[in-house]
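The values are calculated or read from the model by the stated rules, or taken from the named source; none is laboratory data. Everything quoted here is computed from the prediction, not taken from an experiment. No Cβ is skipped: glycine too gets one built from the backbone with ideal geometry, and neighbour counts run over all protein chains shown. Side chains included, ligands, DNA and RNA excluded: accessible areas come from the protein's heavy atoms. Shrake-Rupley method; radii C 1.70, N 1.55, O 1.52, S 1.80 Å.
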Amino acid sequence: MTAGADGDWWAYWRSPDEPLEAMHARFREHVYHRHSHDSYSFGVTEWGAQSFRCRHAAHTSAAGMVMAFNPD
């Protein structure tokens, strides 16, 4: 697990054998720049909400929702 000075933390995992990745994190105001993933990526919003753009549309993942992203 890695921790930031602002109380944010994150742990990242990638399968050594399959195109699969996961991250467990707590971000308060972190913003990722536009990017894509080389593998399948899954996320669960445990509390709060996160907003993002995917395929030219705005989305919000609220507590209890699961996100799934295809590679690229």
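Structure notes:
- Single residue of the range 1-39 satisfying the filter (among the aliphatic types (A, V, I, L, M) and more than 19 Å from residue 58 (Cα to Cα)) that is most open to solvent (accessible area, probe 1.4 Å): 1
- The residue that is nearest to residue 71 (Cα to Cα), counting only those in the range 9-60 that are of a type in the set (S, T, N, Q), under 11 Å from the mean Cα position of the chain (by Cα) and in a strand (DSSP E or B), is 41.
- Selected residue [at pLDDT 85 or above, hydrophobic (A, V, I, L, M, F, W, C) and either touching a Lys or Arg at 6+ places or on another chain (Cβ under 7 Å) or more than 27 Å from residue 18 (Cα to Cα) (or both)] from 63, 68: 63
- Verdict on residue 57 being surrounded by 10 or more Cβ atoms within 10 Å (Cβ to Cβ) and either modelled with pLDDT of 85 or more or of a type in the set (A, V, I, L, M, F, W, C) (or both): no
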